Every structure is written in structure tokens, then in C-alpha cells.
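Engineer: Structure below; questions to follow.
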Amino acid sequence: MACATTATSIVKTVCPFCGVGCGINLKVDARGNLVGVEPQQSHPISRGKLCEKGWSTAYAIRPDNRITEPLKRIKDRFYPISWDQALSEISEAIRDIQAESGNDAMGVISSARATNEDNYAAQKFARAVLNTNNIDHCARICHSPTVAGLKQTLGSGAMTNSTKDIFETELIVVIGADPTENHSVLGGQIFDARQRGVKLVVIDPRVTRLAKVADIHLQLKPGSNIALINAMLHVIIEQKLCDTSFIHQRCEGFEGLAASVETITPESVENSTGVSARQIRAVAELYGQAKTAMILYGMGITQFVSGTQNVIALSNLALVCGQIGRPGTGINPLRGQNNVQGACDMGCLPNVYPGYQAVTDATAQRKFAQGWGQPIALQPGLTSLGMTKATLAGAFRGLIIFGEDPVVTDPDQNHVRAAMKKMELLVVAELTMTETARLADYILPAASFAEKEGTFTNCERRVQHIAPALSPPGIAMGDWQWLKALAEKLGSQALSWSCSEAVFDEMASLTPSYQGMSYSHLQQAHGLQWPCNQSAPEGTAILHQTTFPIGKARLIPVHQIAVDEPPDDQYPLILTTNRLHFHYGCGSMTRKSPLLERETPAGLLFINPQDARNLLIHRYSPVGVRSRRGYIETRAMITDDVPPGLVAMPYHFREAPSNQLTNTAQDPVTKMPELKACAVSVEPLPPG
Ligand code: SF4
């Protein structure tokens, strides 16, 4: 009997999970089956390593878990239909809604894990086909304050340096981020840098793994970032640790900033921050005296009603000390999803076109109207949370979502679920069944990252090309392809590209920071970091080396803003949300892996031993958690990693959805909800 062929091919691609953007190889057998995943040894970021999520990629896209054909809801059941029927019916429903209620009654939510090409197509579909700026994605609930805050102070809302700078700095400050759980390969590199002698400061209410090895851990109270940073600035200015020549040559607004922190002494914020004046002074001196210091931050900065102001405070700190524009420095947001930077760059935001060109700017309006050859909507659109709110108010009727599960990931789940149920047309394109897809009128089968060509932009602005390794299961399709087909059903040729490269080329021609990129250029190495243009044909590893896009950087005074919902007698604990090493986002991909699921199979409530004792709660015993918005039941994990008065819950688990509890109070600038702090009560439950 002849042996079956064992030849395998290797396709280089990029991990589909977090914003680190590790390089992976997909091993495909002669029958076209995915038979293995391995790290790329020479990849400049991951350097031959992957975390457990990366190693488990194959489970996330297995054909037997996938949606393979379009599905239509009839009453409470889904029935398979053809693409032609699905797109014809969807286009008719869109026409009816827009004829009756106007263009702005429809909107699109794109995906931070879809390619740049898919995201570019999504925003063009919204703007040039639906004629609305109602386009958004999950950056709204992770780093929208980064985009808004750094745009104001530096002129560009992205990581200023590169991940390799971790090994070129004297001091790393990690604030409001937990990289060993969420950006695990990068977290491991911070450990390595620490072992090589780099100093490490962690500022976080929780005792993260990095906090345990840090030189100093400032365990501040949730939401007191601005008070703490302003007190550090006070010490730096008082002790003349500022970089005066940098301030003089490259910044404006120093006098106003100095006046605003004159009375904010470390002693004056001890109570509000929970951090001793001695520790605040020590960290301020360490940062102010370092030749090179690098700030890495995450959602412990952005997910507050003060999110944009928190980002501005960090920017003030880095600028005053001249810690920007050189190797081993910078202000560096750790973006969550593998292409959240790209989805923002592509203009999947209601107020900017691709490349952060404002929709209210007449020059940008003309540029895109001419580039696309048709009139476009001129007023900023609704955010994703704005769309759900408008639906409940009866002013919004139809939504197209791909690659996101807002029922699990957005705050106040009951409110989101009610809005999705009320939607007259809900179209969800997905790999697998999700909580949001369960409520859809139509579910469209999407192609995974391994089944399409395109590009992803990681957290250090590196645009990497991905090649298809597999065929999509059944009749699943890439997102820009079905958006193109839907546009044609609506009578528009606006998306009439022939291939992914044509989408990229059109995008690059309209997006200044991508203008020097092409597929052939990206394929020569492991991608290019934007801006990549005539003045930087090989890309840019460090932003703002000689100038800022706005000329001089702006120092802007900011003042402490209290959390929206402090604890009280009825809800005496603060709940913060966190993420776990073994899972990702809504869990729709990582929870398909039996290996990852075995590690953490269900939600947990992390609670301090003192609070657990007071409430008669035992390790792993069932508990009920209640906020003003909802109630869930889960299990207790008793740990000193959270201080007394604070409890923490991951949001990956639909069985114990922490977003039933979270608060929708928003940052007024970006509409970022305050996911990092809300008041709850916890009670023990009888053993189940
Ligand atoms: Fe993937 Fe992020 Fe893990 Fe790298 S660190 S393997 S990008 S999940």
C-alpha cells in the first residue's frame, strides 16, 4: 500500500491575538490541513518565542468549530442560506432603514483583529456606501484616550519607540499594565531586561508578576493616576531634574504646567493615592535622574472617566524629563489586539479618516471625496457605545459587526444585549458562534487570519504582511470581499478591488504615514514601522527624534478626577477588570483550545484574604457579586495580589460576565467607559 504523502509547507504569518505581533509559522500538510504552529526564530520582536496563546493558534481556527455558510434567523433558529440570498436581503433591509430614517440610522463596527485591508474596506463601506461616519471598533474601550491624548500633546497617538528599546534603557516604568498576562512575550522580555540590570518600577493597584520583581512597586488606589503623576512632576521640578534645554527647544506650556503642580506635593496626595510620599519621591528621582527611561502603559491608564487626562499626565512627565525621541525612552501604549493600532490607523473611528485626518477638516473631506470619486458624510459619527445608546432611544436601527462580541466585551451587558435585541437589522460576520452572533438576524461566515492575505500593524507601528496558508472552511469569505459584494448589491462600485494588494495600495495613497509602503517592500523583511514615506523610506523606529508633527510638544495641566462610582455602604468594594494569561478578549478563540481551557476553565473573583475573612468566603467557594447594573455568580480566588477593598475579575468568560457589573460612565473626550472601577458588593453562596 502506498504511503500518504507527508510533505509539509511552512507559511510565515503573525499571531492573531495581542498587539505584540509575534511571528509564527503555520505548518500545512499536502492536503491543506494545518498540522502545526511554531515560532519564527529570526523574528525581530518575538525572537523565537511564543506565549501559550500563540502556540494554541491552530485550535482557534479549526474548521469543525467554524461558521461555514451564511445563516438567517427565523424566530429563534438559524437556517443556512446562500451568500446571494443573504446579501440581497441585507441590502434591501439597509435601503428600507436609510429611506425611512436617514443614512445615520445605520452603522458599522469593525474588528481590531481583522486585517488593515478589511478595516479600510469597513470604513470606506460606511463612508462611501452607507454615507455615514458611524464607524467604530473596540479601540473605543481600550486605547481611544491614547489616540486623543497623545494627538493633543505630541501630534501622534501611538507608541513612540520600539519594543527592542526595552533592552536599551536604564529604567522601565510599567503603569496600569500587566504585560506578563496580556502581552506575554513582551512581559518575558521585561523580565530578561530586569535580570540584565535594567531598573523596573511598576505602578498598579494589583501586585502583578512584574510588581513582584520590580525595584519599586507603587500600589496606588484605582483611579488616582493623575494625583500621583502630578506629585512626581512636583518633585522633578522642585529638584530641578527637568531637561530644561529639551523643554525650551521642543515644548510649550511649561510655566502653566509648573504652576499647576506647585501645591501638589507628595505629602498632599498620600491619602488620595494610598502611596507614601517617600515612595513617590523615590520614583520621581529615579525617573528624573535616568539618562534613558521608558514608560509602558495599558488600560489601567485609559479605562477611566479620566482616561484622556491620564494619558496627557504621562506625556507631561516624559516631556518634562526629555524622555522622548531617543532610544530607550518614550511613552509607549501597549495596544491590546493584534491589529488595534491598524484599525485606528485605517480610520475605523467616527471622527477621523485613514491616517487620523479629521472628518471635519475641509481639506481632508475634499481629499477623500476626490480619492473615492463621490460625496461623503461630513459630520462625525456615533461611537460604538453611542450606537447602542441611540438604538435604545429609537434613533438607530441597523448595525453590521465583524470580529467583535460587544455583548461580552462592552460595559453594562444587560444594556448592550437589550440594544442588540432591539436592532431591526443586526448582521454579524464571525468565525464561530458568539453571544452577539446569537442575537443577529444574519450571521456571515468569515475567513480567519490564516485564510487570507493582508497586513497587521502591531503596537510598535510595525506593518507586517500575512499570506494565506489555508482555504476558508465551507463558503466563508474574507471581510473586504463580502463587504465589496454587499456594496455591489447596494449599487455601489466603491469597493471594486481585485485583490488585497489593491486595497492596500489605495489605502497607502491616501494615508501619509503608510505612503512609502507596498506589499513587496513589506515582504522583504519583517515589515516596516510607520511613518514610512519619502523622508523615511525604510520606516521609523523612534518617533519625534527632531520635531513633533505639531511643531512643539504641548505641556497641558491636568487635575485629578475622581472615579465615577466610589464605594459606599451598599456597595463597599471596588471592582476592577483584568485579563488572564491563558485567555483572550471574549474567549471566542482561546476557549476553543482544550489546553488553554484546562488552565483556566471559568471566571474567578480575586479577593484579598482580609475581605474574604470578613465576608466568610473560602478559597474557590461560590460567591455572588452585585453592582447597580447587574448580578453574577462565580468563584472566589483569595490572594494578596489585590489589596483590601479591591476585587478583580477577568471578562473572558460568558458564564460569569464581569461586564454585567461594569459602569458605562464615560471619559467625556473619547466616550471610553470606566471599566477599571465600579462599586460592588460580594456575598458568600452555599456550596453548589
Ligand atoms: Fe501572540 Fe501576543 Fe502571545 Fe505573542 S505575546 S504569541 S502576539 S498572544
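Engineer: Just one of the numbered conditions (1) within 25 Å of ASP84 (Cα to Cα); (2) not in a helix (DSSP H, G or I) is not true of MET420; which one?
Structural biologist: Every condition holds for MET420 apart from (2).
Engineer: Still on this model: Considering only strands (runs of 3 or more DSSP E) fully contained in segment 1-102, which possess at least 2 residues that are under 30 Å from LEU528 (Cα atoms) and touching a strand residue (DSSP E or B) at 6+ places or on another chain (Cβ under 7 Å)? Let's see the steps before the verdict.
Structural biologist: Working: elements: 8-14, 23-29, 34-39, 71-74, 77-80.
It comes to 8-14, 23-29, 34-39.
Engineer: Something else about it: Tally time: how many residues in segment 543-602 are of a type in the set (Gly, Ala, Ser) and within 21 Å of the chain's Cα centre (by Cα)?
Structural biologist: Total satisfying the criteria: 3.
Engineer: Continuing with the same structure: Are there any pairs with C-beta distances below 6 angstrom linking a residue in segment 55-82 that is farther than 19 Å from THR436 by Cβ and assigned by TED's automatic domain parsing to the domain that holds ARG113 to a residue that is more than 16 Å from the ligand (Cβ to nearest atom) and of a type in the set (Asp, Glu), with the two at least 6 apart or on different chains, and if so which?
Structural biologist: Between residues of segment 55-82 that are farther than 19 Å from THR436 by Cβ and assigned by TED's automatic domain parsing to the domain that holds ARG113 and residues that are more than 16 Å from the ligand (Cβ to nearest atom) and of a type in the set (Asp, Glu), the close pairs are PRO80/GLU69.
Engineer: Kindly indicate whether PRO354 is of a type outside the set (A, V, I, L, M) and more than 23 Å from PRO531 (Cβ to Cβ).
Structural biologist: Numbers: of a type outside the set (A, V, I, L, M): yes; more than 23 Å from PRO531 (Cβ to Cβ): no.
The answer is no for PRO354.
Engineer: Within the set of pairs 6 or more residues apart or between chains, which connect a residue that is closer than 16 Å to LYS199 by Cα inside segment 167-180 to a residue that is part of a strand (DSSP E or B) and among the aromatic types (Phe, Trp, Tyr) with Cβ atoms less than 8 Å apart?
Structural biologist: If the second residue must be part of a strand (DSSP E or B) and among the aromatic types (Phe, Trp, Tyr), the pairs left are VAL174/TYR297; ILE175/TYR297.
Engineer: Collect the residues in segment 249-273 that are part of a loop (DSSP other than H, G, I, E, B) and touching a strand residue (DSSP E or B) at 6+ places or on another chain (Cβ under 9 Å), keeping them in residue-number order. Can you show your working first?
Structural biologist: From segment 249-273, those part of a loop (DSSP other than H, G, I, E, B) are 253, 261-266; that's our starting set.
Within segment 249-273, just GLY253 meets the criteria.
Engineer: Assuming GLN545 fulfils every condition listed in (1) modelled with pLDDT under 95; (2) closer than 19 Å to LYS151 by Cα; (3) not basic (Lys, Arg) apart from one, which condition is it?
Structural biologist: Failed condition: (1).
Engineer: Now a separate question. Restricting to segment 174-211, name every residue that is more than 16 Å from the ligand (Cβ to nearest atom), out of contact with any strand residue (DSSP E or B) (no Cβ under 9 Å at 6 or more places or on another chain) and part of a helix (DSSP H, G or I).
Structural biologist: Hit for segment 174-211 is GLN195, nothing else.
Engineer: Assigned by TED's automatic domain parsing to the domain that holds THR388, within 16 Å of the ligand (Cβ to nearest atom), touching a strand residue (DSSP E or B) at 6+ places or on another chain (Cβ under 6 Å) and modelled with pLDDT under 95 - does that describe any residue in segment 113-120?
Structural biologist: Yes, segment 113-120 contains at least one residue that is assigned by TED's automatic domain parsing to the domain that holds THR388, within 16 Å of the ligand (Cβ to nearest atom), touching a strand residue (DSSP E or B) at 6+ places or on another chain (Cβ under 6 Å) and modelled with pLDDT under 95.
Engineer: Sticking with this one: Which one is farthest from THR308 (Cα to Cα), of the residues in segment 129-149 that are modelled with pLDDT of 95 or more and among the aliphatic types (A, V, I, L, M)?
Structural biologist: In this case the residue turns out to be VAL129.
Engineer: Name the residue that is nearest to VAL185 (Cα to Cα), counting only residues in segment 128-168 that are polar (S, T, N, Q) and in contact with a Pro (Cβ under 6 Å, 6 or more places away or on another chain).
Structural biologist: Just the residues of segment 128-168 that are polar (S, T, N, Q), to begin with: 131-134, 144, 146, 152-153, 156, 160-163.
Applying the additional criterion that residues be in contact with a Pro (Cβ under 6 Å, 6 or more places away or on another chain) yields 133, 146, 156.
Values: ASN133: 36, THR146: 22, SER156: 26 Å.
Out of the qualifying residues, it is THR146.
Engineer: Are any of the residues in segment 317-337 closer than 30 Å to ASP505 by Cβ and either without any contact (Cβ under 8 Å) to a residue 40 or more places away in the chain or surrounded by fewer than 23 Cβ atoms within 10 Å (Cβ to Cβ) (or both)?
Structural biologist: No, segment 317-337 contains no residue that is closer than 30 Å to ASP505 by Cβ and either without any contact (Cβ under 8 Å) to a residue 40 or more places away in the chain or surrounded by fewer than 23 Cβ atoms within 10 Å (Cβ to Cβ) (or both).
The values are calculated or read from the model by the stated rules, or taken from the named source; none is laboratory data. Worth saying up front: this structure is predicted, and the values here are computed from it rather than measured. No Cβ is skipped: glycine too gets one built from the backbone with ideal geometry, and neighbour counts run over all protein chains shown.
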